[in-house]
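In what follows, a structure is listed as structure tokens, so that the remarks can point back to it.
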Amino acid sequence: MNRTRLFPVRAGMNPAPTHGISGIRMSPAVCSSWFAGALAAALLLCGAGRAAAEISLIANHDHITIDFFYHGSTVSARGVTEPGTDVIIKIAGPDGKETLKEKGKTAAVLWMNVGTLHFDKTPNLYEVYSTRPIEQILTPEEADREVLGYRALGKHLALEPVASAEDREKWVGEFIRFKENSKLYGSSVGAITTEPKDGKQGYYIKTDWPFQAPPGDYTVTAYAVRDGKVIEKIVKPVDVRQVGVVRTLSKMAKNNGALYGLLSIAMALGAGFGVGLIFRKGGGAH
Amino acid sequence: MYLYLPVALTSINVLIPVGLGLAVGLLSGLFGVGGGFLMTPLLIMFGIPATVAAATDSNQIVAASTSGTYAHWRVGNVDFKMGWHLLIGGFVGGLLGVQGIKYLHAMGNADFVIKMTYVLMLGGVGTYMFIESIQSMRKKTAEKTEDKPDSAFTRFLKSLPLQTEYTKSDVTHSMLVPILFGGFVGILAAVMGVGGGFLMVPVMVYILRMPMHVVVGTSLFQILFNCIEVTFLQAYTNHSVDFILAVLLLLGSTVGAQVGAVFGRKLKGEQLKVILASIVLAVTIKIVFDLTLTPSLLLAQAGGH
């Protein structure tokens, strides 16, 4: 447990706005920040009435579209906090359920599926970045409350059947490893860069949005942390939607399986026959 | 170039499925197998969910086997009558096999039984075919004409009613023989979740005594119909066929099947059998390794082999 995937520290990264990255269509980020500044001048301001706001957050987009050529995206977040606070950024998807095959040894030497594990309350994307290790800056209770870090996530998840606490811990660890392997879970320290800014502390992070993350409603949350407690958090939605051909095909596969199946078969028959004819005409087939 | 797969919900470099299709399609045209035992694990390795990999592969095989059947039919190497009889058996066997899986799951250790059957079948068939074809290659050079005395099994097959002549294959059998053995392969294929080409080819060669070149064409013909059925059922009940992935795979596999069919004509029956046996044995060894080495991940998605 508590394995961390360390991302390279991107010190001195140019904090230029990351709008317009090729291949991503973005709508203007809707922000609820009082921090406007020059770079945010074009952005909408809303929810500005928070008194004594300790942290601000601007995500580069609130909307990711999956089209035919989609190969993941990037998400960047920036903002300012009071000096001396730590920053945690959590990118997460809604909780879901998952059923997985459990591998174990049978007949002493053979590895194969030996059972089924049902997981519940599993976010389909979970990435946590912090300026320092979470266990050093947050009390366990506070981390649990906000589900920050793998330890807290492990307590948050539900799974069955498990025989004992050790058994549970083992399979939670395996689950996180399984998700890390498909790039859906990550936890790292140091990916957030900070710098002094007009007497405050500016922070910036840019990370890859995995193409493995399915369509859905996600959130980017920024936490300002001091003395073991979250003193403020800001949540920004990021919704991931399919468009165009991708959307049409995936809807049809789900809602009209019979027609979709027939179409797939007809396409395959046509292609097979067509290629056969081409080869015959080509005359090389002797 | 990367394309997004709408059902697999992942993105893939187009060269991967086209290349895989080409390679597996080549085997298909050469040996008359669907190649699912190679394609499905490879797709899973490249991040395609197991259920989508298996379903989409069967869609792709529809195209590859159409292309291959057409190529073999043009040179008169498809025995349609034999193909139909095998199909009737295979269809009934498939239905029985699906019931068999339910029964196995009710008993408990279904995965163990299925995996063991798969390994033993692959290993047994591969070894037998390998030894037999090497022996017959040697024999041919030594003494060309030596009629083997009929074994008890052959005599039994000849005593069955409904004897018919299969002119393309130049053999005479009771209609019941291809139907029964088609059914047997159908049951095993359904239980193991594979197309069963690697079992059907040896059945046709060693039990039905068909010439290898007609075996390949006829096998592709019956695989075509099996895969049409499987594709429809998968699309209808599991929604797991990925259209885009299937298109990418068949771009390679339809061409591969044609090339394989042309190559196959240049090789002797025994040579084809030795190569197919080696591939089947290599896959068996790979599976045995997978079973004995500690896996890197202890959790996996349901489905697949």
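Quick notes on this structure:
- Considering A:Tyr223, A:Tyr218, A:Tyr203, the condition of being of a type outside the set (D, E, K, R), in contact with a helix residue (DSSP H, G or I) (Cβ under 9 Å, 6 or more places away or on another chain) and surrounded by 20 or more Cβ atoms within 10 Å (Cβ to Cβ) is satisfied by A:Tyr223 alone.
- Condition check for A:Ala224: under 30 Å from the mean Cα position of the chain (by Cα) and over 30 Å from B:Ser28 (Cα atoms): yes
- Cβ-Cβ contacts under 7 Å between residues 6 or more apart (or on different chains), taken from a first residue in the range B:281-302 that is at pLDDT 85 or above to a second residue that is in a loop (DSSP other than H, G, I, E, B), are listed as B:Thr292/A:Val109.
- Selected residue [more than 10 Å from chain B (Cβ to nearest Cβ), under 28 Å from A:Arg132 (Cβ atoms) and in contact with a Leu (Cβ under 6 Å, 6 or more places away or on another chain)] from A:Ala213, A:Ala191, A:Ala222: A:Ala222
- Qualifying residue in the range B:219-240 (condition: aliphatic (A, V, I, L, M), under 22 Å from B:Phe31 (Cα atoms), part of a helix (DSSP H, G or I) and at pLDDT below 80): no
To keep it simple, each residue is scored yes or no on (1) within 14 Å of chain B (Cβ to nearest Cβ); (2) under 14 Å from A:Tyr218 (Cβ atoms); (3) modelled with pLDDT under 90; (4) surrounded by fewer than 16 Cβ atoms within 10 Å (Cβ to Cβ).
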{"site": "A:Ala53", "(1), (2), (3), (4)": "no, no, yes, no"}
{"site": "A:Asn60", "(1), (2), (3), (4)": "no, yes, yes, no"}
{"site": "A:Ile66", "(1), (2), (3), (4)": "yes, yes, no, no"}
{"site": "A:Tyr70", "(1), (2), (3), (4)": "yes, no, no, no"}
{"site": "A:Ala77", "(1), (2), (3), (4)": "no, yes, yes, no"}
{"site": "A:Val87", "(1), (2), (3), (4)": "no, no, no, no"}
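- Yes/no for A:Gln201 being in contact with a Ser or Thr (Cβ under 7 Å, 6 or more places away or on another chain) and within 11 Å of another protein chain (Cβ to nearest Cβ): no
- Filtered residues of the range B:234-262 (kept if on the phi > 0 side of the Ramachandran plot and under 17 Å from the mean Cα position of the chain (by Cα)): none
- A:Ala258 being assigned to a helix (DSSP H, G or I), within 7 Å of chain B (Cβ to nearest Cβ) and closer than 30 Å to B:His239 by Cβ: yes
- Count of the range A:102-157 residues, restricted to those that are closer than 30 Å to B:Ile114 by Cα and part of a strand (DSSP E or B), is 16.
- Residue check for B:His105: at pLDDT 85 or above, part of a helix (DSSP H, G or I) and of a type outside the set (Asp, Glu): no
- The residues of the range B:44-78 that are assigned to a helix (DSSP H, G or I), more than 11 Å from every other protein chain (Cβ to nearest Cβ) and touching a residue at least 24 places away in the same chain (Cβ under 8 Å), listed by number, are B:Ile44, B:Thr51, B:Ala53, B:Ala54, B:Asp57.
- Number of the condition not met by A:Ile234 [criteria: (1) under 28 Å from B:Phe46 (Cα atoms); (2) at pLDDT 90 or above]: (1)
- Qualifying residue in the range B:197-217 (condition: surrounded by 24 or more Cβ atoms within 10 Å (Cβ to Cβ) and within 14 Å of another protein chain (Cβ to nearest Cβ)): yes
- Of the residues screened, A:Phe273 is one that is of a type in the set (Phe, Trp, Tyr), farther than 30 Å from A:Ser56 by Cβ and surrounded by fewer than 17 Cβ atoms within 10 Å (Cβ to Cβ).
- Verdict on B:Gly21 being within 26 Å of B:Ala282 (Cβ to Cβ), outside any helix (DSSP H, G or I) and of a type outside the set (A, V, I, L, M, F, W, C): no
- Options B:Met45, B:Met82: the member that is hydrophobic (A, V, I, L, M, F, W, C) and either crowded, with 18+ Cβ neighbours inside 10 Å or modelled with pLDDT under 85 (or both): B:Met82
- For the criterion of being touching a helix residue (DSSP H, G or I) at 6+ places or on another chain (Cβ under 9 Å), hydrophobic (A, V, I, L, M, F, W, C) and touching a residue at least 24 places away in the same chain (Cβ under 8 Å), A:Val87 fails.
- Under the condition of being loosely packed, with under 12 Cβ neighbours inside 10 Å, more than 9 Å from chain B (Cβ to nearest Cβ) and either within 28 Å of A:Thr221 (Cα to Cα) or at pLDDT 90 or above (or both), the residues counted in the range A:95-118 number 1.
- Scan of the range B:258-305 for residues that are closer than 18 Å to B:Val215 by Cα and at the interface with another protein chain (Cβ under 8 Å from one of its Cβ atoms), ordered by number: B:Gln258, B:Ala261, B:Val262
The values are calculated or read from the model by the stated rules, or taken from the named source; none is laboratory data. Model, not experiment: these values are computed from the prediction. Using ideal geometry, Cβ is built from the backbone for each residue, glycine included, and neighbour counts are taken over all protein chains shown.
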